[in-house]
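Quick notes on the structure that follows.
Derivation of every value follows stated rules applied to the coordinates shown; laboratory data play no part. The structure presented is a predicted model; accordingly, all values stated were derived computationally and were not measured. Note that each Cβ is placed from the backbone with ideal geometry, even for glycine, and that neighbours are counted across all protein chains shown.
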Amino acid sequence: MTATAAAAMILRTYEEIIDQHDSYTVMNPVQGCPKRCAYCFLKKRNQTGVKPVELASPARTVELLLSSPYYRPGGVLAAYTCTDALATPPNRKHLVGLLGELTQANVTNPLVLISKCAPTPDVVDAVTTARAAGLPVILYLSYSGLGPDVELGIDHHALRRSFALWHGAGVPVVHYWRPFLPQNSTQETMRTVLDTVVGRSACSVAVGLKTPPGAFDQMLALWDGLPADAADADAVWPKEAKQLLETLPAEYGQLVYESNSCALAHVTGRADEAGVWGSDVCASADLCPAGQRRLCRGTWRNPAPIGTPQIEAELARLGLLGTPYTWNQQERQLHLATPVRRADTTSLTYALGARVIAPRQEDDLYWSGRIGGSLPLVTGSTP
């Protein structure tokens with residue numbers, strides 16, 4: 001059997017085309033990535049080092065989005081989180097088509113595109129055209145100072161140039177600083193990253209190492225001594241990186257967030273919508289500008305009360321009507337008694353503006369996250 005034939009027999013696990021993640025409603029009409037980043041959550045699904053597969057046309061993707069219970073007018077969207085939208089010519093063609101279909105449908109939700117690849121002129125034109133038509137596209141450029149031994153197939157020179165390119169085109173850029181491993185937690189590497197992104201990005205989102213269910217051995221191969229309870233944490237951090245983030249960004253004048261939803265609130269000029277304000281996450285992780293804190297404080301100082309009809313209407317929207325629950329108005333917490341997908345608890349969080357707690361459904365592919373109450377785990381491993 002040839003290597004190509006053997007590869008074709010490998011079972012690839014696909015996500016729903018429309019789903020809900022911690023920070024956004026996601027559209028994944030194309031899945032599978034030719035790149036082979038060693039930490040990627042797609043690796044356990046046999047979706048790295050493969051040809052991307054189109055599961056829905058741009059027009060069909062928009063139909064599915066607008067009919068999904070996870071779609072909220074005004075809510076943040078993300079596209080192509082199970083591939084890189086800029087990695088291949090067919091991916092880029094699909095992206096250009098999707099931007100056109102979204103604007104034609106008068107969708108004005110903020111739209112996040114996450115990439116490690118350089119854009120082509122047609123993609124830049126499509127993004128700037130969509131923004132001019134009222135679709136606020138935001139570029140997340142994922143650059144963490146890791147080398148080609150970890151991020152296989154990535155042209156890091158082109159990635160670094162992309163910051164200036166998108167910034168010069170007037171497109172908001174968020175620097176996605178993830179993951180942190182012992183290998184890129186040195187002062188030298190972190191300064192190299194900051195030298196690249198400062199002045200060319202609105203802020204950074206710094207994320208430790210995420211460990212999806214079943215991926216502990218994959219991450220252990222990258223980080224010798226990874227704590228056994230890594231999968232229960234929002235993310236695992238080398239102590240060195242955590243300590244340097246307390247001083248280096250301020251020296252450079254770079255705003256760094258640890259919760260992505262808060263970075264999005266800052267970039268889009270809105271208050272927290274993910275139940276972060278007033279929580280342990282808010283107190284411990286995000287050093288927001290004073291104006292952002294005033295905005296969140298003003299929005300959540302006297303939140304509107306939530307009654308049974310509103311809760312049950314939102315449960316019905318997700319097909320969860322009849323699920324036993326308790327509601328604590330004072331703490332603004334909804335507790336579901338039976339296991340549900342993280343997508344559903346997250347969607348309820350945004351719809352109600354409340355913390356939603358529920359047992360995790362066993363077959364859920366999504367990792368623990370801050371919107372579900374998990375906190376970072378900091379360990380003293382050294383490079």
Taking neighbour counts of Cβ atoms within 10 Å as a proxy for exposure, in what order, fewest first, do R12, R317, R301 appear?
R301, R12, R317
Could you please rank F180, F163, F216, placing first whichever residue has the fewest other Cβ atoms within 10 Å of its Cβ?
F216, F163, F180
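Could you sort the peptides 251-262, 223-234 by per-residue average Cβ neighbour count (10 Å cutoff), highest mean leading? Numbers along the way, then the final one.
Working: 251-262: 20.6, 223-234: 16.6.
So the peptides 251-262, 223-234, ranked by packing, come out 251-262, 223-234.
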For region 54-71 and region 86-126, what is the centre-to-centre distance using only Cα atoms, to the nearest Å?
15
Gyration tensor (alpha-carbon) shape descriptor, region 227-273, a/c threshold 1.5
oblate
Kirkwood hydrodynamic radius over Cα pairs of region 308-378, then Stokes diffusion coefficient at 10 °C and 1.306 mPa s, in µm²/s
127
For region 112-238, what does the relative contact order come out to in percent, with C-alpha contacts under 8 Å and a separation of six or more?
24
Count of lysine pairs in the chain with Cα separation under 29 Å (8 or more residues apart, or interchain):
28
For each of K51, K239, K35, K116, count neighbouring Cβ atoms within 10 Å of the residue's Cβ, then give the residues from fewest to most.
K51, K239, K35, K116
Please say if the chain is rounded, prolate or oblate, where rounded means a/c under 1.5 for a ≥ b ≥ c the square roots of the C-alpha gyration tensor eigenvalues, and otherwise the choice is prolate for a/b larger than b/c and oblate otherwise?
rounded
Around V123, what is the net charge, scoring Lys/Arg as +1 and Asp/Glu as -1 over all other residues with Cβ under 11 Å from its Cβ?
0
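Using a/c under 1.5 as the rounded threshold, could you call region 170-220 rounded, prolate or oblate? The axes a ≥ b ≥ c are square roots of the C-alpha gyration tensor eigenvalues, and prolate needs a/b larger than b/c, oblate otherwise.
Details: a/c = 4.44, a/b = 1.67, b/c = 2.66.
Oblate, since a/c reaches 1.5 and b/c is not below a/b.
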Taking only DSSP H segments of four or more residues, each worth -39500 (n - 2.57), what value at 222 nm results for the chain once the sum is divided by all its residues, to the nearest 500 deg cm²/dmol?
-10000 deg cm²/dmol
